[in-house]
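Worksheet: one structure, shown below.
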Amino acid sequence: MNNKNFILLKKKNNISGKINIPGSKSISNRILLISALSLGITKIKNLLISDDTLIMIKCLKKLGIKIKKKKKIFFVYGNFIKFLKKNVKLFVDNAGTLIRPLTSILSFMKGNYILYGSKRMNKRPIKDLVSSLNNIGMRIKYLKNNGFPPLLIKKGKIKTNIIKIKSNISSQYLTSILISSVLINKFKEIIIITNNNIVSNSYINITINLMKLFKVNVIKINNNVFKIITKEKYISPGIVKIEGDLTSASYFLASSVISKGPLKIKGIIKNSIQGDVKFLDILEDMGAKINYQDNELEIYYNKIIKNFNIDCINFPDLAMTLLMLSLYSNNISLFKNLYSWNFKETNRLNAMKKELNKIGAKINIINRNDILVIPPKYIKSAFINTYNDHRIAMCFSLLSLNNINKLGSNILIENPKCVFKTFPNYFKLFKKISK
Ligand SMILES: O=C(O)C1=C[C@@H](OP(=O)(O)O)[C@@H](O)[C@H](O)C1
Ligand SMILES: C=C(OP(=O)(O)O)C(=O)O
């Protein structure tokens, strides 16, 4: 073990203070990408600055998009549905919000592109998206393993306006097709058909909302059929302010619930377009008192945390935070529909099971989809491996907190820098509010 490569979170009693939540990853990367494809300059306020967004900026620059930063505002000079550079090799690291949308966009750009990522990215499936695009005439090849990045994307010829896309592994495939559809000029309208149960459907709402902000309407024929009119193109709205990230906020909301707050959180709004806003309802249903102001809320909770029986299909990221809360209850919890955890930054089903065992919880994974959690009587002190997964690092930090029903423990977290993917100053803020 490298002595510098971990952080020790000592058992703590109190949470209090005020924090600012950084911009949403999902919104930041979509806004950067759509701004690059739009007519006009977009000024972006409160853009998340983290590994996932910096790598997006780097890729867009390599594709010929001018992006400048003045004070805290980013200026993206849109190139109206074209990238100037036609032969480019792009490193996408482990950012799903980058490789998935870019795969479709670049396939319509009439160039030669290579998309390659981290070791883990080579294990995150992309077959359903690539097959869908190749079926309509695009030319995407796998450079290593069938169904996985890296990808070689060449000039294709679109032959139909009906695109079928399976969305039960990741919603990012459908997001990718939706965002890129307006690049197709050969047909007046594009019909996109997906399967019935779209996983992580709330992220599709983010996509549709942001496309609308840039003047492209996604017409929802029904829950799994969408229509895009291709003469509608992206027009910059001028200035965009990114909402705070609700998944990032979830760790602080949960901290306050475990340790009775009160906590002020700045940057999140009640009528957010992010699906993880659902957490605020869940917490209010549990009895949390939340006072909302414009761009800020204050949360307070003083009840015993009960067990959960909850369908997580729409909020796989938030589900990790919910699972941590369930460890402070006395009863068994069930978290349903987390099949997509198999394909994230790591295999989260296996990783969470292994690490939760260390703190004394018993985990039963049913059909690689549902998780039964038997909480520990006492949270044991543990050295937590993060598997380079930012969310594992962030959610396990919560177990250092004492609750009225159950005490936390000293928690050592390996490779804490993995939080740079979405929340670089997470541990600094966590230490600031926990005493
Ligand atoms: O589109 C997005 O911004 C995201 C969609 C979700 O992924 P899946 O659709 O792959 O579940 C989510 O887990 C990820 O953090 C961000
Ligand atoms: C799954 C995640 O990221 P990605 O956008 O890389 O899919 C995540 O942030 O939890």
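The values are calculated or read from the model by the stated rules, or taken from the named source; none is laboratory data. All values derive from a computational prediction rather than experimental measurement. All Cβ positions, glycine included, derive from the backbone under ideal geometry; neighbour counts span all protein chains shown.
How many residues are away from ligand 2 (no atom under 16 Å from the Cβ), touching a helix residue (DSSP H, G or I) at 6+ places or on another chain (Cβ under 7 Å) and at negative phi when one looks only at the range 8-33?
Applying the first criterion (away from ligand 2 (no atom under 16 Å from the Cβ)) to the range 8-33 yields 8-20.
Adding the requirement that they be touching a helix residue (DSSP H, G or I) at 6+ places or on another chain (Cβ under 7 Å) leaves 9-12, 15-17, 19.
Filter again for at negative phi, leaving 9-12, 15-16, 19.
Residues that pass the stated criteria total 7.
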Residue count, the range 323-347 (criterion: closer than 20 Å to residue 380 by Cα and surrounded by fewer than 20 Cβ atoms within 10 Å (Cβ to Cβ)): 4
Which numbered condition residue 214 misses (of (1) in contact (Cβ under 8 Å) with a residue 60 or more places away in the chain; (2) buried (at least 17 other Cβ atoms within 10 Å of the Cβ); (3) more than 16 Å from ligand 2 (Cβ to nearest atom); (4) in the same structural domain as residue 341 (by TED's automatic domain parsing)): (4)
Test: residue in the range 278-290 that is touching a helix residue (DSSP H, G or I) at 6+ places or on another chain (Cβ under 9 Å), more than 28 Å from residue 379 (Cα to Cα), outside the structural domain of residue 38 (by TED's automatic domain parsing) and of a type outside the set (S, T, N, Q): no
Residue match in the range 179-195 (condition: crowded, with 18+ Cβ neighbours inside 10 Å, assigned to a loop (DSSP other than H, G, I, E, B), within 16 Å of ligand 2 (Cβ to nearest atom) and modelled with pLDDT of 95 or more): no
Residue match in the range 251-260 (condition: assigned by TED's automatic domain parsing to the domain that holds residue 403 and under 16 Å from the mean Cα position of the chain (by Cα)): yes
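Quick one: in the range 19-42, which of the residues that are in a helix (DSSP H, G or I) and within 12 Å of ligand 1 (Cβ to nearest atom) is nearest to residue 80 (Cα to Cα)?
First pass over the range 19-42, keeping only residues in a helix (DSSP H, G or I): 25-36.
From the residues that got through so far, the ones that are within 12 Å of ligand 1 (Cβ to nearest atom) too are 25-31, 33.
On the way: 25: 23, 26: 22, 27: 20, 28: 19, 29: 17, 30: 15, 31: 14, 33: 11 Å.
Once the filter is applied, the top-ranked residue is 33.
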Of the criteria (1) touching a residue at least 40 places away in the same chain (Cβ under 8 Å); (2) touching a helix residue (DSSP H, G or I) at 6+ places or on another chain (Cβ under 8 Å); (3) charged (D, E, K, R), which one residue 270 fails: (1)
Contacts under 8 angstrom Cβ, first residue in the range 378-396 being at pLDDT 95 or above and part of a helix (DSSP H, G or I), partner acidic (Asp, Glu) and away from ligand 2 (no atom under 12 Å from the Cβ), 6 or more apart: 392/355; 396/355
Tally, over the range 110-142, of residues that are touching a Phe, Trp or Tyr at 6+ places or on another chain (Cβ under 9 Å) and surrounded by fewer than 21 Cβ atoms within 10 Å (Cβ to Cβ): 10
Residue match in the range 162-177 (condition: free of Cβ contacts under 8 Å to residues at least 40 places away in the same chain, surrounded by fewer than 22 Cβ atoms within 10 Å (Cβ to Cβ) and not hydrophobic (A, V, I, L, M, F, W, C)): yes
Subset of the range 137-178 that is within 16 Å of ligand 2 (Cβ to nearest atom) and β-branched (Val, Ile, Thr) - its residue that is farthest from residue 104 (Cα to Cα): 169
In the range 82-95, the residues that are surrounded by fewer than 23 Cβ atoms within 10 Å (Cβ to Cβ) and either within 11 Å of ligand 1 (Cβ to nearest atom) or under 13 Å from residue 124 (Cα atoms) (or both): 93
Scope the range 92-125; condition touching a strand residue (DSSP E or B) at 6+ places or on another chain (Cβ under 7 Å) and within 13 Å of ligand 2 (Cβ to nearest atom); matching residues: 92, 93, 94, 98, 99, 102, 117, 118, 121
From the options 375, 424, residue that is in contact with a Gly (Cβ under 9 Å, 6 or more places away or on another chain), of a type outside the set (S, T, N, Q) and at pLDDT 95 or above: 375
